[in-house]
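A short write-up of the structure that comes next.
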Amino acid sequence: MSASGGTKAIVAALAANLAIAVAKFVAFLFSGSSSMLAESVHSLADSGNQGLLLVGGKKAQREATPQHPFGYGRERYIYAFLVSIVLFSVGGMFAIYEGYEKIKHPHEIEAWYWPVGVLVFAIIAETFSFRTAIKESNQVRGNLSWKEFVRRAKAPELPVVLLEDLGALVGLILALVGVSLAITTGNGVWDGIGTLCIGVLLIVIAIVLAAETKSLLLGEAAGVDEVKKIEAALVDNDTVTGIIHMRTLHLGPEELLVAAKIAVRHEDTATEIATAIDAAEDRIRTAVPIARVIYLEPDIYREAKSGGATAR
């Protein structure tokens, strides 16, 4: 997944959320709608989240150091995980608290045209942001379903923006329904119920993001397609006759570590083996360009009684 595509989606979401946050807060001041206050905090939290993603992307570009010899690629995972925490606490928990207070102490919405107008504007702006995220994701999604894309993506930015924008759109609809019912019935409880629903939605999205980002932080292997390409590139059926075992690990979204024990014939010289390893590394990097750190250990090949390849 290209960093440029993720950055474009982040910037679009950031611009939309900043404008929406201001508009929602103004609507809250004029109408007293708790849904508007919850939504303004939600948009402000989303703006901060996009800022975190941009900071993480910048920090991940630092060169490797003796203390961090594999670089800083995982900074992007750390900041994406922070996004889920902010979304859970600042967005979800605040909305639930505000909804509870509004249900407990309901009051009629004043100047109803403010929240309704702002919500319509916000839906249009969020739709634009969501459309940008979908367009950028389609460039790297391939044949994966949206669920598979969110679960398998190694770069966290686009899945985070997608889920945030989806949550924002659904939250805006919930807020519009709550405000409309409160205006129609004259009962502010509906506004509080809409706010509660927004809070639950944000917490669910935050949990999904946290779970997926946690997996990336722990370290994920290359995708199935990449593993097949690496295996095919390793074996030349000349000096490298087989793969005894192999491990892959994402050091970052766009940097992959490959470690493998390869089978060679006992009559091969050290020079022949070293040349074969260099050639195998070149083939791997050609097949999978993000495979930047490669460790290959040769071992003697022999035919076991079962007919398989083993190492002495």
Quick check, is Val264 open to solvent by less than 40 Å² (accessible area, probe 1.4 Å) and either closer than 30 Å to Lys59 by Cα or modelled with pLDDT of 95 or more (or both)?
-> no
Quick one: how many residues across segment 12-53 are without any contact (Cβ under 8 Å) to a residue 40 or more places away in the chain and closer than 16 Å to Arg76 by Cβ?
-> 2
Has segment 164-182 got at least one residue that is surrounded by 20 or more Cβ atoms within 10 Å (Cβ to Cβ), under 13 Å from the mean Cα position of the chain (by Cα), assigned to a helix (DSSP H, G or I) and modelled with pLDDT under 90?
-> yes
Could you give every pair whose Cβ atoms fall below 8 Å, whose first residue belongs to segment 269-286 and is farther than 10 Å from Leu234 by Cβ, and whose second residue is part of a helix (DSSP H, G or I), counting only separations of at least 6 or pairs across chains?
-> Thr286/Ala233
How many residues are in a strand (DSSP E or B), free of Cβ contacts under 8 Å to residues at least 60 places away in the same chain and out of contact with any helix residue (DSSP H, G or I) (no Cβ under 7 Å at 6 or more places or on another chain) if we restrict to segment 206-245?
-> 1
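The values are calculated or read from the model by the stated rules, or taken from the named source; none is laboratory data. Worth saying up front: this structure is predicted, and the values here are computed from it rather than measured. Here the Cβ is made from the backbone with ideal geometry for all residues, glycine too, and neighbour counts use every protein chain on show. Heavy atoms of the whole protein, side chains included, go into the accessibility calculation; ligands, DNA and RNA do not. Shrake-Rupley method; radii C 1.70, N 1.55, O 1.52, S 1.80 Å.
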